[in-house]
1. Within segment 244-282, count every residue that is out of contact with any Ser or Thr (no Cβ under 8 Å at 6 or more places or on another chain), among the polar types (S, T, N, Q) and either free of Cβ contacts under 8 Å to residues at least 60 places away in the same chain or under 30 Å from residue 23 (Cβ atoms) (or both).
2. If residue 301 satisfies every condition in (1) in a loop (DSSP other than H, G, I, E, B); (2) farther than 26 Å from residue 160 by Cα; (3) at pLDDT below 95 but one, which is the exception?
3. Looking only at segment 48-93, filter to residues that are surrounded by fewer than 12 Cβ atoms within 10 Å (Cβ to Cβ) and among the basic types (Lys, Arg); which one of those is nearest to residue 157 (Cα to Cα)?
4. Quick check on my filter: what residues within segment 153-185 are β-branched (Val, Ile, Thr), in contact (Cβ under 8 Å) with a residue 60 or more places away in the chain and closer than 17 Å to residue 100 by Cβ?
5. Could you count how many residues in segment 157-190 are of a type in the set (Phe, Trp, Tyr), within 14 Å of residue 94 (Cα to Cα) and in contact with a Lys or Arg (Cβ under 8 Å, 6 or more places away or on another chain)?
6. When segment 308-350 is examined, which residues are found to be modelled with pLDDT of 50 or more, in contact with a helix residue (DSSP H, G or I) (Cβ under 9 Å, 6 or more places away or on another chain), assigned to a loop (DSSP other than H, G, I, E, B) and farther than 20 Å from residue 196 by Cα?
7. Please list, ordered by residue number, the helices (runs of 4 or more DSSP H) wholly in segment 1-117 having 3 or more residues that are among the polar types (S, T, N, Q).
Amino acid sequence: MTYQDASKMQQNVLFNPQGTDEVGTRTIIKGSTTGLFNLNAVKYPWAKSLYQVMVGNFWVPEKVSGLKDDARMFKDLSSEEQRAYKWILSFLIFLDSIQTVNLPHFSDFITSPEVNLVLSIQAFQESIHSQSYATILESVVDSHERDEIYYFFRNDKILLERNTYIGKIYQDFIDNPSDENFFRGIVANFLLESLYFYNGFAFFDTLVDHMKMPATGRMIAYIRRDELTHITIFANIIKEIKREFPAIYNEQIILDMMDIAVKQEIEWSTHILGNRIPGINGKTTEEYTKWLADQRLGMLGITPLYKLAITNPYKHLERLQDPNSDKSNFFESTVVNYTQSTSMNGSWEF
């Protein structure tokens with residue numbers, strides 16, 4: 001079967017009187033539901049648990065204090081730190097922008113109301129993230145630089161290639177909603193949420209560890225908390241497809257796309273971070289990205305790609321991202337209800 005001849009996904013009918021909402025016949029995709037949100041009958045308990053966590057995580061950027069202090073502190077950063085701060089924000093802005101707009105395209109093909117529900121909350125959270133970056137830029141960066149940051153891809157070949165790669169995978173599914181394009185799109189969502197954000201997060205956390213830009217760090221902490229739930233959504237969707245539609249599931253696609261993502265992330269992060277920022281360099285970037293990739297593959301029950309990447313080189317990240325650590329001042333001024341995964345299989349405690 002050729003790429004063009006691949007089976008077409010069927011978009012949900014808005015109202016289907018002949019459909020059924022029976023849990024026994026419900027599937028993650030390709031079902032035939034009525035279109036009603038019958039949330040009293042749930043097949044996927046992980047979605048119900050995530051709903052509770054995601055609603056409990058509600059926040060708005062306007063409530064994060066201290067950005068005026070960050071604006072003063074920003075002027076004291078090194079030129080390399082200022083450059084990384086601005087251009088990492090540019091990539092994060094793109095990631096959340098494309099997620100906000102694109103998630104409904106995939107949700108239109110999910111035939112489980114409980115999963116549609118958490119995807120709608122995710123889309124809302126992505127828009128909050130976009131507003132967060134706007135708030136950071138408005139508070140910290142001079143106004144004449146803001147457009148340059150938003151559209152940095154126009155002047156940076158590596159960022160343009162990254163953005164184009166991600167956008168094309170999503171656009172391919174919109175233009176040709178085949179089984180294969182859907183699966184590639186779901187994998188791209190998982191990689192975007194679980195890998196592409198994280199060297200950027202590591203940079204901001206490293207600034208915080210050096211007592212710099214704490215308000216920006218708090219904003220990023222809220223965003224990262226949301227992303228943990230988004231990772232879990234797509235990890236579970238991939239696992240449900242593997243269980244219910246093994247002909248669509250393709251582990252080699254996951255491995256190939258993960259390898260591309262890792263190479264892109266290392267190239268981009270090394271390009272932006274360089275080797276002059278305290279606590280981060282090209283070697284730690286590569287080690288961290290490969291270690292994280294193997295952790296994410298573990299969520300899907302897949303053997304690690306990078307077997308030598310067995311430890312996280314950024315020990316300060318584990319401390320900063322641990323809400324139970326009494327060593328961290330990071331969360332003291334703003335309480336972060338950071339619900340953690342109890343294991344790599346996406347189960348949650350709350």
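1. 4
2. Just one mismatch for residue 301, condition (3).
3. This residue is 75.
4. Those that are β-branched (Val, Ile, Thr), in contact (Cβ under 8 Å) with a residue 60 or more places away in the chain and closer than 17 Å to residue 100 by Cβ: 166, 174.
5. Result for segment 157-190: 0.
6. If the condition is that a residue be modelled with pLDDT of 50 or more, in contact with a helix residue (DSSP H, G or I) (Cβ under 9 Å, 6 or more places away or on another chain), assigned to a loop (DSSP other than H, G, I, E, B) and farther than 20 Å from residue 196 by Cα, then 308 is the only one that fits.
7. Per the criteria, 79-107.
For every residue, the table says whether it meets (1) at pLDDT below 95; (2) buried (at least 18 other Cβ atoms within 10 Å of the Cβ); (3) assigned to a helix (DSSP H, G or I); (4) not aromatic (Phe, Trp, Tyr).
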| site | (1), (2), (3), (4) |
| --- | --- |
| 136 | no, yes, yes, yes |
| 139 | no, yes, yes, yes |
| 144 | yes, no, yes, yes |
| 160 | no, no, yes, yes |
| 163 | no, yes, yes, yes |
| 170 | no, yes, yes, no |
| 183 | no, yes, yes, no |
| 187 | no, yes, yes, yes |
| 191 | no, yes, yes, yes |
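The values are calculated or read from the model by the stated rules, or taken from the named source; none is laboratory data. As the structure is a prediction and not an experimental result, all values here were calculated from the model. Every residue, glycine as well, gets a Cβ built from its backbone with ideal geometry; the counts of neighbours run over all protein chains shown.
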